[in-house]
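All remarks here apply to the structure that follows.
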Amino acid sequence: MKIEKVFYCLDIGKEKYVFATEDEVVEQLKKIDKNQVNLENSLVLEINTSGTNWKFTEVPWSRIVTKLL
């Protein structure tokens, strides 16, 4: 997978996924069985590779949930 300067990691505990965009994370979450995922233990990371040091930032669930609606 080719990425630009930012990519996203979805960690749902049992599995981890990597995506090029935040919208792809949202689409994956729509496909996942909600009974299999504990959102309290899950996270979405934004990884910015634009500098010499990569920057990892947790994406707030409020932003993800807004896109899920």
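Coordinate-derived values only; no laboratory data. No experiment lies behind these values; they were computed from the predicted model shown. All Cβ positions, even for glycine, are placed from backbone atoms using ideal geometry, and neighbour counts span all protein chains on display.
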Mean ellipticity per residue at 222 nm, deg cm²/dmol - from DSSP H runs of n ≥ 4 across the chain, formula -39500 (n - 2.57): -7500 deg cm²/dmol
Candidates Ile32, Ile12, Ile47: whichever shows maximal mean-square fluctuation once the chain is modelled as a Gaussian network with Cα springs under 10 Å: Ile32
Candidate lysines - alpha carbon under 18 Å from Lys31, same-chain residues fewer than 8 apart omitted: Lys14, Lys16, Lys67
Top of Glu15, Glu46, Glu24 by mean-square fluctuation, Gaussian network on the chain, Cα under 10 Å: Glu15
Stokes-Einstein D for the chain, Kirkwood Rh over Cα pairs, 10 °C, 1.306 mPa s (µm²/s): 127 µm²/s
Cα-centred dipole magnitude for the chain, charges only on beta-carbon of K, R (+1) and D, E (-1), debye, nearest 20: 40 debye
Total formal charge among the other residues, if their Cβ is under 14 angstrom from that of Lys5, Lys/Arg +1 and Asp/Glu -1: -1
